[in-house]
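Below: the structure, in structure tokens.
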Number of protein chains: 2
Amino acid sequence: MKKNRILTPGPTPVPQEVLLSMAKPTIHHRTAQFRKIFKEVNDNLKYVFKTQNDIFTLSSSGTGAMEAAVVNLLSPGDTAICVGGGKFAERWSEICKTYSIKTIAIDVEWGNVVSPTEIEKTLDENKQIKVVFTTLSETSTGVLTDIKKIAQITGKRDVVIVTDAISALGGEELETDAWGVDVVVSGSQKGLMSPPGLAFCSVSPKAWKLVAVSKSPRYYFDFRIAKKALDKGDTAFTPAITLCIGLNTALKMIKEETLENVIQRQGRLAAALRRAMQALGLELFASIPANVVTSVCLPKGIDGDVLVAMMQNVYGVTIAGGQAHLKGKIIRIGSMGHMNEFDIITGISALELVLCKMGYKFEHGVGVGAAQKELLKSE
Amino acid sequence: MKKNRILTPGPTPVPQEVLLSMAKPTIHHRTAQFRKIFKEVNDNLKYVFKTQNDIFTLSSSGTGAMEAAVVNLLSPGDTAICVGGGKFAERWSEICKTYSIKTIAIDVEWGNVVSPTEIEKTLDENKQIKVVFTTLSETSTGVLTDIKKIAQITGKRDVVIVTDAISALGGEELETDAWGVDVVVSGSQKGLMSPPGLAFCSVSPKAWKLVAVSKSPRYYFDFRIAKKALDKGDTAFTPAITLCIGLNTALKMIKEETLENVIQRQGRLAAALRRAMQALGLELFASIPANVVTSVCLPKGIDGDVLVAMMQNVYGVTIAGGQAHLKGKIIRIGSMGHMNEFDIITGISALELVLCKMGYKFEHGVGVGAAQKELLKSE
């Protein structure tokens, strides 16, 4: 008898409270009833984003919000820095190219982070750059980038910084206003403990100047249309109503626990995971590891894809494998969202069981034991 | 952030499929729609009880079904053997005394099991005995009694055997017809993976002869009234409709997994639990341990009530403490019902965390490791 247990870096487990709130009969969106919910969502999103900027809620995946950021900020022929270093970082380049935006790529080896000084140098040498596209926690590699420092650099210039916080929001430190991050992009299905289907973009006044002049074609993702609706407490187009209702419940749960405590919990779980991996003799992949997702190198002879499939097929425990050239070489374990100690322990135990089946030698329980010690230390 | 995780010897976790089936709008019970469900329930209960006898479904706790067995089989002044050895075994005596039935108690030290030859001897010496009340798995001590052997003794005599299988059904071997167990009593909230509120009594033709002549006062629990209704596919009184619907879903899940596989799974989980306790240096309490509940002695200086409270309050993991004179001295961990490997691992890990907090010395992860080894052995 298998039970599905998700420890992936998104989607993440949805709390029962959220599921139940979404199971109520659908209400209409052009009603005071929905507007009240949507106002609460917007207020609480601002709490989680730590911003006073407008946040647009889109019915799309996170990629939709990334595309929205690109087309609203830049016109064909404009120039932007796209910081690489992972599957999702590289998506910024792909979208920019689709809209004929000139990109200056800053290559980063997967598993490493960009050096802020390299961005500074590139900006100094290319005065035409309007936007820098970055990633706070890179879901494909598990690294955490120092967005605060990069925003200090863009903040002194006539340059807008855009950050993909899809996997980071609600799990990593992020001070949208205090750091001066102009546009923050996120999604519903990670730290926000909701099903996939909603994406978010916060837009600063500085970024808004670009929105006003962008000539890129856009309709569904047009922030000008979204802004008109938002000012009236509405969405421009039919919102994913039940997802908004679920998100409202999830955001209230985060507010009740407090964002600080949520982030501290994620950090504690990630530290326990990292200790477990080290105790099992497994090397961490990320040079600067994020807390929301832990990437782990596999020893020779252990195929990551086989390992991930066995964990799922034999034990019902889902983690993620490596993407692109890391396929089969790393595994990624999510600790974001609605997770506590025993979700992590379950993941480690299932990993131990499968590693043993695959012939890897270690003392049974050594990973779980190391995690327990770390958990007790940080209680 | 705590999540409720139940590892008690009842109630047990209710699968989502069961919960969702119960969340549908209530239907009326005097309809073809409900009769179809109730027929499926009865057929599948017979599959789980391994009997062709009538099984009466009562809207009550398990104690209600125990009382029903007593009042339907015996008249004031009749004599019965009540086998002791636990809180629930002793309930048979209490109910018999309430109805002025003479009881011959066979005392059993808690943690031990009755010797079938002692029952045989008592029956030989007291020809007036009409019923022997027994317990298959004693929830308060975690012992498993050899009902098969006792039924062989009663089977050769004009004596009816009644067995409390409330915590055993769907977790321990039980062959109602093949062993000749006249009356089997059970409940919905343990191996049957449903919420509390339903209880069951199977009644053999041999037992029915006593029902026909019993002079004990009874109305709600009268098997004669229940039988008339059952023959028409009904219940005599308003059934707990949504619980019957949930039970129907749960029984279908058991049938799909097959009863043999369910019992094997429970055995495998219990073996892993026992290995973990031994690896932690903890002694098992039961001389012959049941699989559905594992009772564990605590070392000096560790108060079981404090331990149980800490597991619940700090980690959201609920196990049970000792009852009556065992209060504070043992803990009881349930592995019955909708449980798999990682429920057990979670229980062991939470126990390790709390034992460590309470000053008990052991190597972190040694319990989980021992459980993992046992689980791999029995895959």
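The values are calculated or read from the model by the stated rules, or taken from the named source; none is laboratory data. These numbers were taken from a predicted model, which means no experiment stands behind them. Every residue, glycine as well, gets a Cβ built from its backbone with ideal geometry; the counts of neighbours run over all protein chains shown.
For this structure, a couple of remarks:
- Residue check for residue B:9: in contact (Cβ under 8 Å) with a residue 40 or more places away in the chain and in contact with a strand residue (DSSP E or B) (Cβ under 6 Å, 6 or more places away or on another chain): yes
- Filtered residues of the stretch A:85-104 (kept if farther than 21 Å from residue A:293 by Cα and not hydroxyl-bearing (Ser, Thr, Tyr)): A:94, A:95, A:96, A:97, A:101, A:102, A:104
- Residue A:65 being within 14 Å of chain B (Cβ to nearest Cβ) and of a type in the set (Gly, Ala, Ser): no
- Residue-level analysis places residue B:353 among those that are more than 27 Å from the chain's Cα centre (by Cα), under 23 Å from residue A:377 (Cα atoms), assigned by TED's automatic domain parsing to the domain that holds residue B:291 and not polar (S, T, N, Q).
- Residue that is nearest to residue A:17 (Cα to Cα) [pool: residues in the stretch A:146-196 that are surrounded by fewer than 24 Cβ atoms within 10 Å (Cβ to Cβ) and small (Gly, Ala, Ser)]: A:178
- Number of residues in the stretch A:198-210 that are under 14 Å from the mean Cα position of the chain (by Cα) and either modelled with pLDDT under 95 or among the aliphatic types (A, V, I, L, M) (or both) equals 2.
- If you go through the stretch B:1-39 and keep only what is loosely packed, with under 14 Cβ neighbours inside 10 Å and either closer than 29 Å to residue B:162 by Cβ or away from chain A (no Cβ under 13 Å) (or both), you end up with B:26, B:27, B:28, B:30, B:31, B:32, B:33, B:36, B:39.
- Count - residues of the stretch A:1-30 that are of a type in the set (Val, Ile, Thr) and at pLDDT below 95: 2
- Scanning the stretch A:190-227 for residues that are over 20 Å from residue A:92 (Cβ atoms) and polar (S, T, N, Q) yields a count of 1.
- Residue within the stretch B:40-47 that is more than 24 Å from residue B:63 (Cα to Cα), at pLDDT 95 or above and more than 14 Å from every other protein chain (Cβ to nearest Cβ) present: yes
- Enumerated helices (runs of 4 or more DSSP H) restricted to the stretch A:263-379, each holding at least 1 residues that are on the phi < 0 side of the Ramachandran plot, touching a residue at least 24 places away in the same chain (Cβ under 8 Å) and more than 14 Å from chain B (Cβ to nearest Cβ): A:304-315
A quick yes/no check of all residues on (1) of a type outside the set (Val, Ile, Thr); (2) surrounded by 21 or more Cβ atoms within 10 Å (Cβ to Cβ); (3) touching a Pro at 6+ places or on another chain (Cβ under 9 Å):
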| site | (1), (2), (3) |
| --- | --- |
| A:304 | yes, yes, no |
| A:315 | yes, yes, no |
| A:325 | yes, no, no |
| A:342 | yes, yes, no |
| A:345 | no, yes, no |
| A:353 | yes, yes, no |
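- None of B:320, B:272 is closer than 17 Å to residue B:139 by Cβ and surrounded by 20 or more Cβ atoms within 10 Å (Cβ to Cβ) except B:320.
- The stretch A:197-218 - residue that is touching a helix residue (DSSP H, G or I) at 6+ places or on another chain (Cβ under 7 Å) and of a type in the set (S, T, N, Q) and, of those, surrounded by the most Cβ atoms within 10 Å (Cβ to Cβ): A:202
- For residue B:55, the criteria (1) more than 30 Å from residue B:288 (Cβ to Cβ); (2) outside any helix (DSSP H, G or I); (3) touching a Phe, Trp or Tyr at 6+ places or on another chain (Cβ under 6 Å) hold in every case but one, which is (1).
- Considering residues of the stretch B:126-145 that are surrounded by fewer than 24 Cβ atoms within 10 Å (Cβ to Cβ) and touching a residue at least 60 places away in the same chain (Cβ under 8 Å) only, the residue farthest from residue B:168 (Cα to Cα): B:130
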